[in-house]
1. If R₀ is 30 angstrom, what is the calculated FRET efficiency for the pair B:THR7 and B:LYS41, using the beta carbon separation as r and rounding to 0.05?
2. How large is ³J(HN,Hα) for each residue in the range B:31-41, as worked out from phi by the Karplus curve 6.51 cos²θ - 1.76 cosθ + 1.60 (θ = phi - 60°), to whole Hz, x for Gly and Pro?
3. Taking each pair of different alpha-carbon atoms in the protein assembly as shown once, compute 1/r for the pair, average those values, and report the inverse of that mean as the Kirkwood hydrodynamic radius in Å to one decimal.
4. For the range B:43-54, take each phi angle, set θ = phi - 60°, evaluate the Karplus expression 6.51 cos²θ - 1.76 cosθ + 1.60, and give the result in whole Hz per residue in order, putting x for glycine and proline.
5. Hey, got a sec? Which chymotrypsin sites (Phe, Trp or Tyr not before Pro) in the range B:1-73 land in a DSSP loop and have at most 16 other Cβ atoms within 10 Å?
6. Fully extended, how many nm does the chain gain between A:SER28 and A:TYR54 (0.36 nm per residue separation, minus their Cα-Cα distance)?
7. What is the total of Lys pairs in chain B with C-alpha atoms under 16 Å apart, excluding same-chain pairs fewer than 8 positions apart?
8. Just flag the trypsin sites (Lys or Arg not before Pro) in the range A:22-114 sitting in loop per DSSP whose Cβ has no more than 11 other Cβ atoms within 10 Å.
Amino acid sequence: AQTVTQSQPEMSVQEAETVTLSCTYDTSESDYYLFWYKQPPSRQMILVIRQEAYKQQNATENRFSVNFQKAAKSFSLKISDSQLGDAAMYFCAYRSKNDYKLSFGAGTTVTVRA
Amino acid sequence: DTAVSQTPKYLVTQMGNDKSIKCEQNLGHDTMYWYKQDSKKFLKIMFSYNNKELIINETVPNRFSPKSPDKAHLNLHINSLELGDSAVYFCASSQRRTSSGANVLTFGAGSRLTVL
């Protein structure tokens, strides 16, 4: 079974600064997908960014970027120029290419200080 | 236009009661899911249907019964509610095969169930 580990329960960042959230996963497969979802206090789950394992290039979405290290099974999320609206819980998630199931990590709560 | 809508958003009920949560998606997706988020915010899949066929059935008490009348709807019925069933239940949908292959899940806003 695949497991996703987020080792940082909480992170705090000053507005306009950068914060990096860590995620590691365990899998024996070579083809899979990785995601970061954001859950603000409204509790809506919002896709932030996704990465296909077969792509070596790291995905970026505006101020959000990932550092995908396939050999190390690491998938960290960097939030640049942090804004107050970035305050939320962030979940790392894994899906095998041939599976429907999305497995989530325990989440990291990000607080943005004004 | 809400892509994945769940009703009700909040549900407070007594132990032993039976309740249902409804979910509808207007994205034309062929796969729908129920996830449970517990008090520690941990998200765990419960069920998934692809074109009305059950494809994922995790270790969930048989008091929980999903029903998919068509591929746009997936309802969750819970019998004999227990205190431990209190959680937020998320419905989600995705398209199994896409050009990107990523099969991204789109989530509903969640239904908070409180069992007293």
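The values are calculated or read from the model by the stated rules, or taken from the named source; none is laboratory data. Treat the numbers as computed from the prediction; the structure is a model and nothing was measured. All Cβ positions, glycine included, derive from the backbone under ideal geometry; neighbour counts span all protein chains shown. Surface areas here come from the heavy atoms of the whole protein model, side chains and all, with no ligands, DNA or RNA. Shrake-Rupley method; radii C 1.70, N 1.55, O 1.52, S 1.80 Å.
1. That pair, B:THR7 with B:LYS41, gives E of 0.85.
2. Whole-Hz 3J(HN,Hα) from phi for the range B:31-41: 10, 10, 9, 10, 10, 10, 10, 7, 5, 8, 6.
3. Roughly 18.3 Å, rounded to one decimal.
4. Each residue of the range B:43-54 in turn: 9, 9, 6, 10, 9, 8, 10, 10, 6, 6, 9, 5 Hz.
5. Passing sites in the range B:1-73 are B:PHE42.
6. Extra length available between A:SER28 and A:TYR54 comes to 7.9 nm.
7. Pairs that pass both the separation and distance tests number 12.
8. Loop-located and lightly packed - A:LYS55.
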